[in-house]
Each structure stands twice: as C-alpha cells, then as structure tokens.
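Step one of this worksheet: look at the structure below.
The values are calculated or read from the model by the stated rules, or taken from the named source; none is laboratory data. In this text the structure is predicted, and so the values were computed from the model without any measurement. Cβ coordinates were reconstructed from backbone atoms using ideal geometry, including for glycine residues, and neighbour counts include every protein chain displayed. To get the accessible areas, we keep the full protein, side chains included, count just its heavy atoms, and leave off ligands, DNA and RNA. Shrake-Rupley method; radii C 1.70, N 1.55, O 1.52, S 1.80 Å.
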Amino acid sequence: MDSQYRITVLTLFPDLVQQYFATSIVGKAVDRGAIVPDVVNIRDFATDRHRTCDDAPYGGGAGMVLLPEPLGRALDSVDADRRHVVFPSPSGRPFTQATAERLAGMDGVVLICGRYEGIDQRIIDHFVDEEVSLGDYVLSSGELAAMVVIDAVYRLRDGMLRPESVSDESFQDGLLEYPHYTRPEEFRGRRVPEVLLSGHHARIAEWRRRQQLIKTARNRRDLLERAQLGPEEYKRVQELLEKE
Ligand code: SAM
C-alpha cells in the first residue's frame, strides 16, 4: 500500500477541495507524492455560453439536477470507465471504517460531488461503482462528504500514521475507543484514573477494554450486537446495560 494513491474529485467548487489538499497532513502527503490529487471543475465541460451544469428534473418537482453531459465528459476526461468511482449520496450504503479500509486498498478513487437535488441517474448507472452515505442527514453538496471520504481513506495508507494509532482506534475491533488522558494529573478537580498512572500494562489494557465496552454500550448498542465478544465480556456488558 506504499505506492501513489490517485484521488480525483469532480466538483462545481474546485477551490474548496483544492484548499483541503493543500492543508495539514494531507498537504504533506501530496508534497511527498504519496497522494496525487486531481480536482476537476465540472463547469469546464459545459459547452454553452453560460456554462450551464444543471436543469429542472423530468417529471417535475423541486430543485435542479446536475446535467449528465458535462459531468459525463468530465468523467471521460479522467478515464472513469476504468477506475473506481464513488458517489457520496444520502441514499448510498453507510460509509464505515470498513469502507475506508477497502478503498485504501485500491490504487485510487474518483469522487463525484453532487449539488442541488443530485445527479442524473444515468451517470450513476453508467459510471458509479458505489454510492456511500455519511449518515442519515442531508448536506447541501457533496464536497464536504467527498473530503470526509478522502480523509478517512488516505490516513490508512502506509506511512501516513504510526500503525499503532490506527490499530487502537474506534471501530478497529468493532467497538468504540477508550477515553484518553494527558498531563496534568488533575484538571479542574478531575483526576486521571489511577490505573493509568500505575505503569501496570495488563491492568491498563483491561481497564481500557472495559471502558470500550461501557462507551459502546452507552452510545452504540447497534455496534455491540455485531462485535464478537467472548462469553465473559458478553456477561459483563449485559450487567452494564442492566445498570443503565
Ligand atoms: N435530493 C437528495 C436527497 O434527498 O437524497 C439530496 C441532495 S443534497 C442537497 C446534494 C448533494 O450533497 C448530494 O447529491 C450528495 O452528493 C451530497 N450529500 C448530501 N447529504 C449527504 C450524505 N448524507 N452523505 C453523502 N453525501 C451527501
């Protein structure tokens, strides 16, 4: 996974996405050549005087839809027929850490940013390999969604982060992450849990696992149902849930 990762984003707002690629850790990855960004302005592929990229939906209804022709030409220009194309959309499958890991294992991705009511279905049928949803809410456009997808994916590529920071994160073992503490030992009357100061690795690991179970039981019972817990842990979680 240490080769170059090509990320192509098709958007009506290229400045927004270019800014992201120039910033922070992702900017460093671009400078190093680990990520090759390619931001394509869909409007450059409109052919009329006003560079029109949207029109009213057939069948009536509110809002506008991105025209298939400029977007189709933009996709052709990046060879999308031969690449993995992702369309972030509220009606896609949930975007999860597992999706991010799968995409990170490829050699790159093409992302289409929707706007208005969305894009013409024939673009989805012709070009799109998967639609991913960030959650059950509606954003005004796909740029933020595309940046979230890129951010979750590129950091999983080799050399981006220390392996242990990725392996200890939320979702890696189906549970949420344990809480973190740093200096000072006391902050506004709240002390760091004693076990973390003990230097006793086994006890720390046990405490962290228990915190993961508590947090997941409180915030994400749906994850707990899917997590592969041993019988002891399963019993412990049931006790925790009874106390809630
Ligand atoms: N009419 C669409 C619907 O009801 O599903 C909403 C379109 S939304 C205003 C415009 C664009 O924002 C979408 O085409 C998509 O690219 C992006 N978007 C909005 N919400 C999203 C979400 N939850 N996940 C991923 N992308 C989203």
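Projecting the Cα atoms of Pro68, Ala152, Val36 onto the charge dipole of the range 5-154, computed from C-beta unit charges around the Cα centre, puts Val36 farthest toward the positive end.
Taking the Cα centre of the chain as origin, sum charge times position over the Cβ atoms of Lys and Arg (+1) and Asp and Glu (-1), and report the length of that vector in debye to the nearest 20. Could you put the intermediate results ahead of the total?
On the way: 32 positive and 40 negative charges, 188 e Å.
Taking the Cα centre of the chain as origin, the dipole is about 900 debye.
The mean accessible area for residues of the chain, using a 1.4 Å probe and ignoring ligands and nucleic acids, is 61 Å² per residue.
Peptides 142-148, 177-183, 70-76, ordered by how many other C-beta atoms sit within 10 Å of their residues on average, highest first, read 142-148, 70-76, 177-183. Each Cα pair under 8 Å and six or more residues apart adds its separation to the average, and for the range 149-244 the resulting relative contact order is 27 percent. Start at zero, step by 10 Å, and the Cα-Cα distances of the chain spread as 7, 25, 27, 20, 14, 6, 1, 0 percent across the bins. Net length available on complete extension from Ser198 to Glu177 is 5.5 nm, with 0.36 nm assigned per residue and the Cα-Cα distance removed. For the range 172-200 versus the range 101-134, the spacing of their alpha-carbon centroids is 39 Å. Note on Met106 and Ser91: the extension gain reaches 3.1 nm, defined as 0.36 nm multiplied by sequence separation minus the Cα-Cα distance. Percent of accessible area on the chain owned by carbon and sulfur, 1.4 Å probe? Carbon-and-sulfur percentage of accessible area, whole number: 49. Seen against the Cα atoms of the chain and their longest principal axis, helix 142-154 is set at about 50 degrees.
The residue list Val192, Leu229, Leu213 was ranked by how far each Cα lies along the charge dipole of the range 186-243 toward its positive end, using unit charges on Cβ atoms, and Val192 comes out on top.
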